[in-house]
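Novice: One structure coming up, written as structure tokens, with questions to follow.
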Amino acid sequence: MAVRLLAKLRVPEIRNVANFSSAAAPATLSDFDVQHKTPVIRKQQLIPKAQYGGRHAVTMLPGGGIGPECMGYVREIFKYVGAPVDFEVVDIDPTMDNDDDVQYAITTIKRNGVGIKGNIETKSEAAYVTSRNVALRNELDMYAYVLNCKSYPGVVTRHKDIDVCIIRQNTEGEYAMLEHESVNGVIESMKVVTASNSLRVARFAFEYAKRNGRKKVTTVHKANIMKLSDGLFLETSRRLAKEYPDIEHNDMIIDNCCMQLVAKPHQFDVMLMTNLYGSIVSNVVCGLLGGAGLLSGRNYGDHYAVFEPGTRNTGTAIAGKNVANPVAMINASIDMLEHLGHHFHADLIRRAVNKTINVDRVMTSDVGGTASSTDVVNAIIGNIGRC
Amino acid sequence: MSLINRTLFRTLVQGTQHVKALHTSSVNAEKNVCYAPISAMQPNANKEGRIKCTLIPGDGVGPELVYAVQEVFKAANIPVDFESFFFSEVNPTLSAPLEDVVNSVAKNKICIKGILATPDFSHTGELQTLNMKLRNALDLYANVVHVKSLPNVKCRHHDVDCIIIREQTEGEYSALEHESVPGVVECLKIITAAKSERIAKFAFDYAVKMGRKKVTAVHKANIMKLGDGLFLRSCEQMAKLYPRIEFEKMIVDNCTMQMVSNPNQFDVMVTPNLYGNIVDNLASGLVGGAGVVAGASYSAECAVFEQGARHIFSGAVGKNIANPTAMLLCSANLLAHVNLHNYSKMIKNAINKVLKDGKVRTKDLGGQSTTKDFTFAVIHSLA
């Protein structure tokens, strides 16, 4: 097995790998299956943009837990600033065992091009029901996840002025969802790393660093143990780094990385990593900055973009209690406005959020404040256009 | 005098509303949607927080109707400024250059437009009309006409409520005609997959946005198997992306018959250029004529609001008898488009109230009132 993989590694043409695996997929599989069993770059059919008379249509997936209430706040704020966005709300029933709702949600994002989502619950534990969040990302081929972590001066934390950007491979690795029991009592879970996907996300990271004036890219891996899979990922990013001489590139092993993050987070600039490590590291950094309620993440594919709160927590326990921190979802909506090119409105909301947290210090209890969710939203609305 | 009092009073009331709005604190209440800050936040607004809108009065009764809109805006104290252009094909010497108008609309993103008259024979030998030039320059590819029965307007059918979406940059309006041999004229009808898909997607997205259930594609693919066939295929393709919206197709001749016999079966209709024009006018006739149906044209970036059925009504010029309802509805739609929903509702409610009362009716609705009477009645009903 290892020999075969090694042989594959030496193949210089990365493009062929994708073609090879898609050709190998049996014709009986549905599109959805193919995506899950063979994580390859899929050719997406281009659909005209949903922009009419300067207004954009955007899919809104409230998801479970605090999602619906947070979406309510976002709509409130959008209504107030008059953002030229029309939401198409798709509710996904978490108790359903079939994927109809999820498929519909994916279709709406395909035709709108842009979505904003809370965390979607997958209540069913049946093996054949895949995680909806993963299904969504895979189906839309959103291979890069970007989490911009910047400290809010108003939130008291152990470290000040952190400014890290985490870029995570979003569709393969440990999330390939290929598990089987080969003999009784032995489960094997496959971690899939492909050269093509590694290259795409590495290029994304370096391009992102270049465009945003960042200085350094750190590749996070565990290539000392997983020499082939993480080795491929690391090798790809090293190779690509040569194309960007202006940007410093180093690598770090995941365990060390976590330690460094909590001890000296300021050494990091842009961080590039595979799927599971990304999940862990982004939660570590979110914790450093004040918890799940502040940051927002962005999922990018070649054609679609989906915006969501950074840590992907559902927050079922605090749903409906008016204590959830609405800032994460509001930040996601700001990201979305910027992606759509409505910088004017995005800027208005961003300034209001910053003033509310840093100057007025109106915050929910999770980041050391006393205000309720609605208080925070009201404070933000009150600050819009006045700062 | 009473009118002045009224306007003055309203201005004061609105002033207090502004102040109130600044201090509202509840999140979920409607009152949160205040007037002044919203308009101040439009990117195309100027310093005083007013929105700029291009205005093309057009030919025929256009200027009179546009004047009615301006009167109502003034009375309601709506923060919209008009950038007016005289634009006309029948009066080429006075007309503003096309580029100026296009630049203005592209800059302001919104425009309200009267109807432009098009002479039957071109003076310059050009085949494209000014209307078509404007549409092509701005890429206003989608025309939306919402045909809706109005209260107390007596018609043969009741509760008609359908949206007709028309592709208006290609098809029969390609302006490609030639005489290959004397006595034989060929007119090219162009259908492209890209534009057909675009209009189909527009129609479905519009249906989703308005919460509609069904989209009907109108075609004549049984005769024009390739051209209309492509249009129809594009619509079918797009329909697959909208599993929760019913899709059906109808041949244009049958469609017109169904429209006059049972118009309530239609919800959203998507049509190529010429069929759309015909169905628009037919449907407008069902609910009271050209004077009561509003429409709009969209490109990706801008929106032009104009009457649904394009008739200049030149017989009524200066007689003060044209019905301003359509133009006022257009202006209300324009306000909703730029997020001034409260003003939009205010104007719509006022129009409905005047129509419901039925005391002030213009000639086309069987009354004797003038354009001005109607406008003032609407102003008096603003609340």
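Novice: Considering only segment B:285-306, how many residues are under 20 Å from A:Lys49 (Cα atoms), surrounded by 23 or more Cβ atoms within 10 Å (Cβ to Cβ) and of a type in the set (D, E, K, R)?
Specialist: Residues flagged as under 20 Å from A:Lys49 (Cα atoms), surrounded by 23 or more Cβ atoms within 10 Å (Cβ to Cβ) and of a type in the set (D, E, K, R) within segment B:285-306 amount to 0.
Novice: While we're looking at this one, here's another question. Condition test on A:Gly291, is it closer than 23 Å to A:Val146 by Cβ, touching a Phe, Trp or Tyr at 6+ places or on another chain (Cβ under 7 Å) and surrounded by fewer than 24 Cβ atoms within 10 Å (Cβ to Cβ)?
Specialist: no
Novice: Just wondering, is there one or more residues in segment B:36-53 that are modelled with pLDDT under 85, open to solvent by 10 Å² or more (accessible area, probe 1.4 Å), within 30 Å of A:Gly385 (Cβ to Cβ) and in contact with a His (Cβ under 7 Å, 6 or more places away or on another chain)?
Specialist: yes
Novice: Same structure, new question: Please determine, by comparing only the residues of segment A:263-280 that are touching a residue at least 40 places away in the same chain (Cβ under 8 Å) and over 20 Å from the mean Cα position of the chain (by Cα), which one is farthest from A:Val220 (Cα to Cα).
Specialist: A:His266
Novice: A:Ser365 fails exactly one of the following numbered conditions: (1) more than 10 Å from chain B (Cβ to nearest Cβ); (2) modelled with pLDDT of 90 or more; (3) open to solvent by 10 Å² or more (accessible area, probe 1.4 Å). What is the number of that condition?
Specialist: Answer for A:Ser365: the failing condition is (2).
Novice: Let me ask something else about it. Anything in segment A:369-386 that is open to solvent by less than 20 Å² (accessible area, probe 1.4 Å) and in contact (Cβ under 8 Å) with a residue 24 or more places away in the chain? List them, or say none.
Specialist: A:Ser373, A:Val376, A:Val377, A:Ile380, A:Ile381, A:Asn383, A:Ile384, listed by residue number.
Novice: So is A:Asp366 free of Cβ contacts under 8 Å to residues at least 60 places away in the same chain and either in contact with a strand residue (DSSP E or B) (Cβ under 9 Å, 6 or more places away or on another chain) or assigned to a helix (DSSP H, G or I) (or both) or not?
Specialist: Spelling it out, it is not the case that A:Asp366 is free of Cβ contacts under 8 Å to residues at least 60 places away in the same chain and either in contact with a strand residue (DSSP E or B) (Cβ under 9 Å, 6 or more places away or on another chain) or assigned to a helix (DSSP H, G or I) (or both).
Novice: Exactly one of these conditions fails for A:Thr59: (1) crowded, with 22+ Cβ neighbours inside 10 Å; (2) in a helix (DSSP H, G or I); (3) out of contact with any Pro (no Cβ under 9 Å at 6 or more places or on another chain). Give me its number.
Specialist: Of (1) crowded, with 22+ Cβ neighbours inside 10 Å; (2) in a helix (DSSP H, G or I); (3) out of contact with any Pro (no Cβ under 9 Å at 6 or more places or on another chain), only one is false for A:Thr59: (2).
Novice: Name the residues in segment A:142-166 that are open to solvent by less than 10 Å² (accessible area, probe 1.4 Å) and over 20 Å from A:Lys264 (Cβ atoms), would you?
Specialist: A:Met142, A:Ala144, A:Tyr145, A:Val146, A:Gly154
Novice: Which residues, counting only those in segment B:289-318, are under 19 Å from B:Tyr206 (Cα atoms) and more than 10 Å from the chain's Cα centre (by Cα)?
Specialist: Those that are under 19 Å from B:Tyr206 (Cα atoms) and more than 10 Å from the chain's Cα centre (by Cα): B:Ser299, B:Ala300, B:Glu301, B:Cys302.
Novice: A further question on this structure: Given the structure, is B:Val105 within 14 Å of another protein chain (Cβ to nearest Cβ), touching a strand residue (DSSP E or B) at 6+ places or on another chain (Cβ under 7 Å), buried (at least 16 other Cβ atoms within 10 Å of the Cβ) and closer than 30 Å to B:Lys356 by Cβ?
Specialist: It is false that B:Val105 is within 14 Å of another protein chain (Cβ to nearest Cβ), touching a strand residue (DSSP E or B) at 6+ places or on another chain (Cβ under 7 Å), buried (at least 16 other Cβ atoms within 10 Å of the Cβ) and closer than 30 Å to B:Lys356 by Cβ.
Novice: Let me ask something else. Could you tell me whether any residue of segment A:118-135 is hydrophobic (A, V, I, L, M, F, W, C), open to solvent by less than 20 Å² (accessible area, probe 1.4 Å) and at pLDDT 90 or above?
Specialist: For segment A:118-135, residues hydrophobic (A, V, I, L, M, F, W, C), open to solvent by less than 20 Å² (accessible area, probe 1.4 Å) and at pLDDT 90 or above: absent.
Novice: Are there any pairs with C-beta distances below 7 angstrom linking a residue in segment B:87-114 that is within 16 Å of B:Asp59 (Cα to Cα) to a residue that is in a helix (DSSP H, G or I) and charged (D, E, K, R), with the two at least 6 apart or on different chains, and if so which?
Specialist: Pairs that qualify, where the first residue is within 16 Å of B:Asp59 (Cα to Cα) and the partner is in a helix (DSSP H, G or I) and charged (D, E, K, R), are B:Leu98/B:Lys133.
Novice: Answer with yes or no whether A:Val201 is within 15 Å of the chain's Cα centre (by Cα), over 30 Å from A:Asp366 (Cβ atoms) and modelled with pLDDT of 90 or more.
Specialist: yes
Novice: With the condition kept exactly as written, say whether any residue in segment A:312-321 is assigned to a helix (DSSP H, G or I) and more than 21 Å from the chain's Cα centre (by Cα).
Specialist: Checked segment A:312-321: at least one residue is assigned to a helix (DSSP H, G or I) and more than 21 Å from the chain's Cα centre (by Cα).
Novice: Which condition from (1) open to solvent by less than 30 Å² (accessible area, probe 1.4 Å); (2) farther than 26 Å from A:Arg203 by Cα; (3) free of Cβ contacts under 8 Å to residues at least 60 places away in the same chain; (4) not polar (S, T, N, Q) is the one that A:Ile349 breaks?
Specialist: Only one criterion is unmet by A:Ile349, namely (3).
Novice: Tell me, which strands (runs of 3 or more DSSP E) wholly within segment A:169-262 include 3 or more residues that are in contact (Cβ under 8 Å) with a residue 24 or more places away in the chain?
Specialist: Correct list: A:173-183, A:216-221, A:248-253.
Novice: Would you call B:Ala290 small (Gly, Ala, Ser), farther than 20 Å from B:Arg198 by Cβ and outside any helix (DSSP H, G or I)?
Specialist: Yes; evaluated as a whole, the condition is true for this residue.
Novice: Kindly indicate whether A:Asp91 is outside any strand (DSSP E or B) and modelled with pLDDT under 80.
Specialist: Judged against the criteria, A:Asp91 is not a match.
Novice: While we're here: How many residues are within 10 Å of chain B (Cβ to nearest Cβ), open to solvent by 30 Å² or more (accessible area, probe 1.4 Å) and over 18 Å from B:Met210 (Cα atoms) if we restrict to segment A:73-95?
Specialist: 1
Novice: Follow-up. When segment B:166-206 is examined, which residues are found to be of a type in the set (Val, Ile, Thr) and surrounded by fewer than 22 Cβ atoms within 10 Å (Cβ to Cβ)?
Specialist: B:Val181, B:Val184, B:Val185, B:Ile190, B:Thr192
Novice: Please go through segment B:207-224 and give me each residue that is more than 14 Å from B:Gly171 (Cα to Cα), open to solvent by 10 Å² or more (accessible area, probe 1.4 Å) and not hydrophobic (A, V, I, L, M, F, W, C), ordered by number.
Specialist: Selection gives B:Lys209, B:Gly211, B:Arg212, B:Lys213, B:Lys214, B:Asn222.
Novice: Scanning for something within 30 Å of A:Met177 (Cβ to Cβ) and touching a His at 6+ places or on another chain (Cβ under 7 Å), does segment A:254-270 turn up at least one residue?
Specialist: Yes, segment A:254-270 has at least one match.
Novice: For residues that are assigned to a loop (DSSP other than H, G, I, E, B) and either under 22 Å from A:Gln51 (Cα atoms) or open to solvent by 20 Å² or more (accessible area, probe 1.4 Å) (or both), tally how many sit in segment A:322-346.
Specialist: Of the residues in segment A:322-346, 4 are assigned to a loop (DSSP other than H, G, I, E, B) and either under 22 Å from A:Gln51 (Cα atoms) or open to solvent by 20 Å² or more (accessible area, probe 1.4 Å) (or both).
Novice: Yes or no: A:Asn299 in contact with a strand residue (DSSP E or B) (Cβ under 8 Å, 6 or more places away or on another chain), polar (S, T, N, Q) and open to solvent by less than 10 Å² (accessible area, probe 1.4 Å)?
Specialist: Yes.
Novice: Quick one: in segment B:250-284, of everything that is β-branched (Val, Ile, Thr) and part of a strand (DSSP E or B), which residue is surrounded by the most Cβ atoms within 10 Å (Cβ to Cβ)?
Specialist: B:Val270
Novice: So for segment B:289-305 (the condition being within 21 Å of B:Gln168 (Cβ to Cβ), more than 14 Å from chain A (Cβ to nearest Cβ), of a type in the set (S, T, N, Q) and in contact (Cβ under 8 Å) with a residue 40 or more places away in the chain), does at least one residue qualify?
Specialist: No, segment B:289-305 contains no residue that is within 21 Å of B:Gln168 (Cβ to Cβ), more than 14 Å from chain A (Cβ to nearest Cβ), of a type in the set (S, T, N, Q) and in contact (Cβ under 8 Å) with a residue 40 or more places away in the chain.
Novice: Right, here's the next one. When you scan segment B:130-249 for strands (runs of 3 or more DSSP E) that lie fully inside it, which ones turn up with 3 or more residues that are within 13 Å of chain A (Cβ to nearest Cβ)?
Specialist: Per the criteria, B:142-148.
The values are calculated or read from the model by the stated rules, or taken from the named source; none is laboratory data. Keep in mind that this is a model prediction, so the values were computed, not measured. Virtual Cβ from ideal backbone geometry, glycine too; neighbours counted across all protein chains shown. These area figures cover heavy atoms from the full protein model, side chains too; ligands, DNA and RNA do not enter into them. Shrake-Rupley method; radii C 1.70, N 1.55, O 1.52, S 1.80 Å.
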